[in-house]
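Okay, structure first, notes after.
A short reminder: the numbers here are calculations on the coordinates, not readings from a lab. Predicted model, so just to flag it, every value in this text is computed and none were measured. Positions of Cβ are generated from backbone atoms using ideal geometry, with glycine treated the same way; all protein chains shown enter the neighbour counts.
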Amino acid sequence: MAGRVEGKVAFITGAARGQGRAHALRLAEEGADIIAVDIAAQVENVPYPTATPDDLAETVRQVEALDRRIVAEAVDVRDLDGLKAFVDKGVGELGRLDVIAGNAGIDIVGPWHDMTPEIIRTTIDINLIGVWNTVTAGVQHLIDGGGGSIILTSSANGLKAGPWNLAYNMAKFGVTGLTKSLAMELAKDHVRVNSVHPGGVDTPMANGIFGLPDNGFERGQKENPDLFGMLTQWIPGMMPPREISNAVLWLASDESTWVTGHALAVDGGMTQY
Ligand SMILES: NC(=O)c1ccc[n+]([C@@H]2O[C@H](COP(=O)([O-])OP(=O)(O)OC[C@H]3O[C@@H](n4cnc5c(N)ncnc54)[C@H](O)[C@@H]3O)[C@@H](O)[C@H]2O)c1
């Protein structure tokens with residue numbers, strides 16, 4: 001039986017680990033080839049470890065174990081020229097581009113007065129402008145191929161502001177707006193654009209933040225305990241990254257051909273109150 005995205009090629013950022021790796025594997029399981037990038041280095045101002053070259057190599061190994069093709073390179077989503085050069089190279093090797101998944105991101109948590117200009121700039125540069133760069137680097141290939149699907153990772157915090165996450169909220173609400181704007185303009189080219197809004201996902205980001213000895217959520221909660229309830233999701237526990245990948249797979253596939261400009265929350269209900 002043909003896979004649900006058989007023969008498609010997907011460009012995924014932040015693919016070295018966490019949700020990005022899960023998206024690469026889920027799409028590969030259903031027949032897609034992958035163009036993968038990750039910074040694969042420590043991001044400045046981020047207090048938890050970001051991915052390593054070994055993490056990116058492991059994504060390559062796992063996709064190849066599924067008998068799909070993958071090209072991967074360490075590229076920073078802040079580097080538009082670098083992204084474009086690598087996507088062009090990947091399309092040259094894999095033949096086409098159908099899906100863009102702008103997933104790379106960081107989260108620097110803390111009360112509003114902890115937010116330095118450097119934290120605000122790094123977060124906006126990666127989580128918002130980096131997503132715009134990702135689309136800009138690849139979208140012409142989708143248009144040239146007659147259409148495609150762009151899936152941008154926002155957050156529950158791109159629909160409902162989360163406490164002690166000011167820079168992140170700014171960027172993730174921006175991704176929600178970027179999605180709707182692009183969806184409107186690109187529909188005539190048969191390019192669909194949707195955002196996904198994860199709740200708490202069991203990845204090195206979330207575990208890294210909560211594992212910090214002095215974590216920003218605890219600092220915020222001490223100052224302002226009433227806000228902590230805003231983080232409650234109805235389904236208990238942390239969701240596996242594959243739950244988000246299943247939403248990405250549906251949006252990438254031809255099962256969602258008339259879905260565009262949509263903000264799809266996969267968050268155990270967190271944003272629905
Ligand atoms: N984990 C959660 O609870 C959660 C919830 C909502 C939204 N999100 C979002 O989901 C996306 C994936 O996060 P995750 O949970 O898999 O975290 P993660 O930290 O495990 O993965 C993010 C990846 O992005 C990469 N990255 C960071 N900056 C980069 C840059 N400048 N250029 C290229 N790559 C870069 C990291 O190296 C890492 O591999 C992010 O956009 C995040 O904001 C996560």
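Within the chain, how many Lys pairs sit with Cα atoms under 27 Å apart, leaving out pairs fewer than 8 places apart on the same chain? Going through the chain pair by pair, I get 15.
Taking every alpha-carbon pair under 8 Å whose residues sit at least 6 apart, region 1-96 reaches a relative contact order of 28 percent.
Close amide H pairs (under 5 Å, H built 1.01 Å from N) link V191 with G148, residues at least 5 positions away or on another chain.
Between L80 and M184, the distance separating the two model label sites (each 7 Å from Cα on the Cα→Cβ line) works out to 2.1 nm.
Its Cα centre serving as origin, the chain has a Cβ charge dipole (Lys and Arg +1, Asp and Glu -1) of approximately 500 debye. When only the Cβ of Lys, Arg, Asp and Glu is charged (+1, +1, -1, -1), the dipole of region 46-181 relative to its Cα centre reaches about 500 debye. The convex hull drawn around the Cα atoms of region 109-243, when projected onto a plane and averaged over every direction, covers 9.3 nm². Distance distribution note for region 210-264: the fraction of Cα pairs above 18 angstrom is 59%. Enclosing the Cα atoms of region 55-128 in their convex hull gives a volume equal to 117 cubic angstrom per residue.
Taking the square roots of 5 times each eigenvalue of the Cα gyration tensor of the chain, largest first, gives ellipsoid semi-axes of 29, 19, 18 Å.
Stretched out straight at 0.36 nm per residue, the stretch from M230 to A161 would grow longer than its current Cα-Cα span by 24.0 nm.
In region 1-99 the Cα-Cα distances spread across 10 Å bins starting at 0 as 18, 49, 27, 6, 0 percent of all pairs.
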